[in-house]
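Each value in this text was obtained by applying a stated rule to the coordinates, not by laboratory testing. What you see is a predicted model, and the numbers here were worked out from it, not measured in a lab. Neighbour counts run over all protein chains shown; Cβ positions are idealised from the backbone, glycine included.
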Amino acid sequence: MLEIRYATANNFTKSIIYDCPKCFLRPDVAKALISVQKKLKEKGLGLKVFDCYRPSPYQQKLWDKVPNPNYVTPPKKDQCTAEVPQLI
């Protein structure tokens with residue numbers, strides 16, 4: 001289940017940060033979550049995802065709303081050179 005709070009105003013900024021409620025993950029992370037989800041489903045349980053990979057423009061938008069490193073990672077620190085994340 002996805003509940004991408006930054007796609008709504010129901011988050012600590014009280015602002016919409018993402019323009020769509022999609023979850024982007026690196027392939028290895030997505031595979032791990034799928035594996036755990038399958039095991040939990042057998043027990044009638046499941047994962048709930050509130051946030052995923054955050055592309056740089058959204059990190060900047062979040063920082064613009066809350067420029068406090070105690071709450072938000074400054075955008076320059078958040079630069080990632082990892083492979084392009086996949087949508088799950």
Calculated P(r) tail over 22 Å for the chain, as whole % of Cα pairs
35
Taking the 0 to 90 degree range and rounding to the nearest ten, how far is the long axis of helix 27-42 tilted relative to the main principal axis of the chain, both from C-alpha atoms?
50
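Check each of the GluC sites (Glu not before Pro) in the range 1-84 and keep only those in coil by DSSP with at most 15 other C-beta atoms within 10 angstrom; list them in order. Before the final figure, lay out the partial values.
Details: sites: Glu3, Glu42, Glu83; in loops: Glu3, Glu83.
Here the sparse-neighbourhood loop sites are Glu3, Glu83.
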Treating the angle as unsigned and between 0 and 90°, give the value, to the nearest 10°, between the Cα long axis of helix 56-65 and the longest Cα principal axis of the chain.
60
Relative contact order of the chain (C-alpha contacts under 8 Å, at least 6 apart) in percent is 35
